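Structure first, then comments.
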Amino acid sequence: MRRSSTGSLTGAVALAAAAVITPQASGGTAAADAVVIGGRPVQVSETPWVVALASRDRFGGTRAGQFCGGVLVAPDKVMTAAHCVSKDVLGVPIGQVRDLKVITGRSELAGTGGQEATVSEVRIDPEYDAGTNAGDFAMLTLSTSLPAHHAVKAAGPGDAAYTPGTSAVVYGWGDTTGTGTYASELHAAPVEVLPDSTCEIAYPKSIYGTYSADTMLCAGDPEGGHDACQGDSGGPLVADGRLIGLVSWGGGCGQAQSPGVYARLSAAPGTWAVRG
Ligand code: ARG
């Protein structure tokens, strides 16, 4: 979720964002290097499967209307978070967003590189629960296909990439400080897959959501300082070259005690509900 360029937050997003963006404790390292959080700029040509979701109508043109991330999983399929296509984030039902675009091949949002693909269909996990954030999966169908080799490989159930301790990278154009500083360039931050127990303890029944390993994956920096943040939602978490998660939620950004929560890719639904 991100602030619209008009400076006002749309509907429930105002509340959600206020609840999620918590100031860093003094002396915290979360904003140290500033990026996703603690990341570095990357060229999307190296990771062509990272895409931006955009609507200039809803979010203004300064950053090409970017409001969430996504990931190309097949030539005409983009996965993102279900909450990214919710009325809470968009201010209106997705069917009323006439200029929804998937921006590919563009690292710098203010630039003109790459392509802006139109979306022909939006589906979400029929079991998505906006209260707990369980099943935070959406699948977009593009009107035109992109090169097959631009799609990322997915880690299936039982893949070793889900093992706690595995090094992973999260990508996005979201907040780099936790205080509303949205990136215009794509960033990547190194995180580590954490044991489910870490997120179960951090988020028993929190105001942010309730952690459940059934559909969620816990990842972050045990020391704090590297994380996804607002505006990164729907974007990819990749380990050993395979997609393992989608940015979903967290308490604040980059804080050691509050890891990032991702939609666990191996729990993506086999059938989807049309949303529109
Ligand atoms: N819900 C946020 C979004 O819509 C993503 C938050 C991720 N937070 C985190 N600390 N990893 O962009």
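Where the alpha-carbon atoms of the chain are placed on the principal axes, they occupy 42, 42, 34 Å, in descending order. For the chain, modelled as a GNM whose springs connect Cα atoms under 10 angstrom apart, the maximal fluctuation among Gly174, Gly158, Gly111 occurs at Gly158. Backbone amide hydrogens, once placed in the peptide plane, bring Gly245 within less than 5 Å of Leu237, Leu265, excluding anything fewer than 5 places away on its chain. Using only the alpha-carbon atoms of region 98-194 as identical scatterers, what base-10 log of I(q)/I(0) does the Debye formula give at q = 0.13, 0.21 Å⁻¹? Scattering profile of region 98-194, log10 relative to I(0): -0.71, -1.45.
Quick one: grab the alpha carbon gyration tensor of region 144-227, order the square roots of its eigenvalues as a ≥ b ≥ c, and give me rounded if a/c is under 1.5, else prolate or oblate depending on whether a/b is larger than b/c.
Numbers: a/c = 1.80, a/b = 1.16, b/c = 1.56.
It is oblate, given that a/c is not under 1.5 and a/b is not larger than b/c.
When the trypsin sites (Lys or Arg not before Pro) in region 97-134 are filtered for DSSP coil states and for at most 13 other beta-carbon atoms within 10 Å of their beta-carbon, the remaining sites are Arg98. Farthest toward the positive end of the dipole of the chain, out of Pro48, Ala155, Ile207, is the Cα of Pro48, where the dipole comes from beta carbon charges about the Cα centre. The lysines within cross-link reach of Lys87, meaning a Cα-to-Cα straight distance under 18 Å and a gap of 8 or more places when in the same chain, are Lys101. Take every pair of alpha-carbon atoms less than 8 Å apart whose residues are at least six positions apart; their mean separation over the length of region 108-160 yields a relative contact order of 32 percent.
Its alpha carbons give region 69-140 an Rg and a Dmax of 12.9, 38 Å. Region 120-183 and region 80-113 have Cα centres separated by 14 Å. Translational diffusion coefficient of region 205-263 (Stokes-Einstein, Kirkwood radius from Cα pairs, 25 °C, 0.890 mPa s): 213 µm²/s.
Between His149, His187, His226, the Gaussian network model of the chain with springs among Cα atoms under 10 angstrom shows the greatest mean-square fluctuation at His149.
Across region 206-211, coupling constants 3J(HN,Hα) worked out from phi with the 6.51/-1.76/1.60 Karplus curve, θ = phi - 60°, read 8, 5, 7, x, 10, 6 Hz, and Gly and Pro carry x.
Take every DSSP beta bridge whose two residues both sit in the chain; close to 95 percent of them are antiparallel. Highest mean packing first, where packing is the average number of other Cβ atoms within 10 Å per residue, the peptides 188-200, 50-62 line up as 50-62, 188-200.
Rounded if a/c is under 1.5, else prolate if a/b is larger than b/c, else oblate: which is region 136-276, with a ≥ b ≥ c the root eigenvalues of its Cα gyration tensor? Since a/c stays below 1.5, the shape of region 136-276 is classed as rounded. For the residues Val44, Val92, Val73, a GNM of the chain with alpha-carbon springs under 10 Å puts the largest fluctuation on Val92.
Every read-out reported here was derived from the displayed coordinates using simple, explicitly stated rules and does not represent laboratory data. Keep in mind the model is a prediction, meaning the values are calculated, not measured. In this analysis, Cβ positions are derived from the backbone assuming ideal geometry, glycine residues included, and neighbour counts consider all displayed protein chains.
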